[in-house]
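The structure appears right after this line, and notes come after that.
The values are calculated or read from the model by the stated rules, or taken from the named source; none is laboratory data. All of these numbers come straight from a predicted model, not from anything done at the bench. Because the Cβ atoms are built from the backbone with ideal geometry, glycine has one as well, and the counts that use them run over all protein chains shown.
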Amino acid sequence: MNMTTLETMLGTLKKVTEDISKTLPFSSIQTFLGDLKQFKPSWPALRIGNLVARTPIVQGGMGVGISLSGLASAVAEAGGIGVIAANGIGLLEKDYFQDGQAAGLRAFRREIRTAREKTKGIIGVNIMVALNDFHQMLDVAIEEKVDIVFMGAGLPIKGLPVERLRKNGVKVAPIVSSSRAVDMIFKMWNKIYHDIPDAVVFEGPKAGGHLGFTEEQLDDPSYQLEAIVPQIITTLASYEKEFSREIPLIAGGGVYSGKDIHDILQLGAKGVQMATRFVATDECDADIRFKQAYVDCKKEEIGLIKSPVGMPGRAIRNQFIIDSEEGRRPSFKCAWKCLASCKAQDANYCISIALNNARKGLLRQGFVFVGENAYRVNKIVPVASLVEELAQGYWLCEKQPVTSRLQTLVSSLKHLEGKYKEIQHQVVVLGKAYEQALTSPSSLVEKAHLTELRNQYNGALSKVRKLQFQITEKLIASYFLLSPKTV
């Protein structure tokens with residue numbers, strides 16, 4: 001039985017309930033109908049210490065101005081964790097090429113404050129460990145008391161102000177590509193700080209942007225979510241026991257649908273990280289032409305690039321990328337060496353400038369990073385609508401084990417509804433006949449006939465009452481099947 005069948009049954013249940021509630025006298029039916037009308041698909045909350053996101057989604061941090069306060073606050077408002085990316089954020093400032101570092105720190109602080117003004121939801125930031133101003137960016141995040149810092153592109157181990165992070169209530173979640181990296185980070189944190197991170201993000205090989213894998217590993221089953229997620233959960237278990245706290249794993253990379261979210265949570269993850277889907281939203285901070293590139297791209301156009309930062313990346317391959325690979329390079333000025341590993345001269349272009357051009361819609365002068373499933377995006381929608389779609393998909397998957405039972409209940413309800421309407425009609429007809437007999441001259445109505453009419457009328461009323469109870473039982477059974485806690 002597929003998800004379309006379940007959606008159809010839910011619609012039928014709502015209609016049947018609405019129809020019969022008009023005539024059933026039980027207040028519980030009216031309450032059930034009210035609950036059904038307000039019914040919203042649900043999923044488990046993501047808990048990171050005292051942070052509780054009712055939507056188990058972390059919006060991936062997309063650098064160079066793609067995920068700023070606009071997108072992050074919208075995701076936070078929808079119950080997820082909105083993330084502002086620090087990388088390349090200084091390019092938003094007019095004086096970036098005069099003092100790139102100062103411009104980045106200023107823009108980063110402003111976007112955090114702007115997001116806070118827009119929502120009371122959970123706001124996080126993504127800071128690449130490989131940034132030359134990683135520690136300065138981290139200081140800003142701590143000073144602004146963001147809810148959580150996601151640290152990727154390197155191992156966040158040495159020189160971290162853990163005491164200040166704790167004092168300001170800032171959670172930490174490293175982004176990793178293996179269980180080995182998790183063990184190394186946690187072991188060193190324990191040794192140096194006598195503490196451990198609050199959560200872990202595993203970013204799989206189907207993600208967009210820079211990838212923490214070799215090209216050979218990208219399609220290897222041993223490096224996919226299904227293989228690595230259980231390994232990381234096993235690694236975290238010993239630290240959870242030692243520190244008596246839950247350390248949730250958040251998994252991402254190619255997560256597209258509600259079904260994907262369901263499948264990943266079934267593996268043991270507590271949440272997912274999604275980036276690609278959030279680009280094609282009204283609230284994403286990029287130019288509309290950047291978003292439209294996701295809608296227009298075809299599967300065969302998505303491929304790998306050799307990034308100036310020394311890592312493979314996944315993007316929509318366009319003429320800009322082809323030209324750079326063939327040695328043709330645009331003239332560019334490096335504001336400052338933002339990444340220690342950057343080899344812009346060898347790569348024939350500055351990746352930050354190229355990505356910033358694309359953010360502004362100048363796609364011929366740059367390119368667009370995308371996840372493997374970007375070609376499936378077919379429209380730009382509000383963040384709230386996207387989250388609702390994902391929740392519906394998750395819920396339908398969760399309820400698949402009970403669909404056959406629900407189908408039986410709905411079919412039975414439709415049958416009982418038909419009988420109920422038929423008997424109700426008989427009650428009305430018999431009631432009128434009995435009333436007419438009672439008011440007729442006694443000489444025209446035999447006593448035996450009057451008794452027969454009364455018995456028929458009472459019998460029909462008894463059947464109605466019995467059907468009312470049967471319908472109530474079926475509706476209550478349906479309610480418990482649809483309950484979020486029922487699987």
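Condition test on S222, is it farther than 30 Å from L92 by Cα and touching a helix residue (DSSP H, G or I) at 6+ places or on another chain (Cβ under 6 Å)? No.
When only residues in the range 131-187 that are of a type in the set (G, A, S), within 23 Å of L236 (Cβ to Cβ) and not in a helix (DSSP H, G or I) count, which is nearest to the chain's Cα centre (by Cα)? Step by step, filter the range 131-187, then rank; the result is A173.
A count restricted to the range 31-67 and to residues that are among the polar types (S, T, N, Q) and at pLDDT below 55 stands at 1.
Restricting the range 121-140 to residues that are out of contact with any helix residue (DSSP H, G or I) (no Cβ under 7 Å at 6 or more places or on another chain) and free of Cβ contacts under 8 Å to residues at least 60 places away in the same chain leaves a set whose member that is farthest from L71 (Cα to Cα) is H135.
Evaluated against (1) under 30 Å from G169 (Cα atoms); (2) of a type outside the set (F, W, Y); (3) within 21 Å of the chain's Cα centre (by Cα); (4) not in a loop (DSSP other than H, G, I, E, B), Q231 falls short on exactly one condition, (3).
Here Y394 fulfils each of the conditions (1) modelled with pLDDT of 75 or more; (2) in contact with a Phe, Trp or Tyr (Cβ under 9 Å, 6 or more places away or on another chain); (3) farther than 30 Å from I261 by Cβ apart from (3). Scanning the range 54-88 for residues that are surrounded by fewer than 24 Cβ atoms within 10 Å (Cβ to Cβ), of a type outside the set (D, E) and part of a helix (DSSP H, G or I) returns S69, G70. Sort out which residues of the range 165-220 are of a type in the set (D, E), touching a strand residue (DSSP E or B) at 6+ places or on another chain (Cβ under 8 Å) and either surrounded by fewer than 20 Cβ atoms within 10 Å (Cβ to Cβ) or modelled with pLDDT under 95 (or both), and write them in order of number. Within the range 165-220, E203, E215 qualify. Scanning the range 196-228 for residues that are assigned to a loop (DSSP other than H, G, I, E, B) and more than 25 Å from V83 (Cα to Cα) yields T214, E215, E216, Q217, L218, D219, D220. Residues in the range 281-330 that are free of Cβ contacts under 8 Å to residues at least 40 places away in the same chain and assigned to a helix (DSSP H, G or I): D296, E300, I322, D323, S324, E325.
Determine, yes or no, whether L6 is crowded, with 22+ Cβ neighbours inside 10 Å, part of a helix (DSSP H, G or I) and at pLDDT below 70. In short, no. Do we have any residue at all in the range 277-297 that's surrounded by fewer than 16 Cβ atoms within 10 Å (Cβ to Cβ), among the hydrophobic types (A, V, I, L, M, F, W, C) and on the phi < 0 side of the Ramachandran plot? Yes, the range 277-297 has at least one match. If the condition is being surrounded by fewer than 24 Cβ atoms within 10 Å (Cβ to Cβ) and within 31 Å of the chain's Cα centre (by Cα), then the range 94-111 contributes L105, R106, A107, R109, R110.
Give A358, A384, A315, A354 a once-over and let me know the one that is modelled with pLDDT of 85 or more and closer than 21 Å to V75 by Cβ.
None of the others qualify; the one that does is A384.
Can V182 be described as farther than 26 Å from V229 by Cβ and among the hydrophobic types (A, V, I, L, M, F, W, C)? It is false that V182 is farther than 26 Å from V229 by Cβ and among the hydrophobic types (A, V, I, L, M, F, W, C).
Residues that are more than 14 Å from the chain's Cα centre (by Cα) and of a type in the set (S, T, N, Q) within the range 45-72 comprise N50, S67, S69, listed in sequence order. Is there a residue being surrounded by fewer than 19 Cβ atoms within 10 Å (Cβ to Cβ) and of a type in the set (D, E) anywhere in the range 226-237? Yes. Contact map, the range 204-233: residues that are among the basic types (K, R) paired with residues that are surrounded by 17 or more Cβ atoms within 10 Å (Cβ to Cβ), Cβ distance under 6 Å, separation 6+ or inter-chain. Pairs shown: K206/G253; K206/G254; K206/E372. The residues of the range 214-247 that are out of contact with any Ser or Thr (no Cβ under 7 Å at 6 or more places or on another chain) and among the hydrophobic types (A, V, I, L, M, F, W, C), listed by number, are L218, L225, A227, V229, I233, L236, A237, F243, I247.
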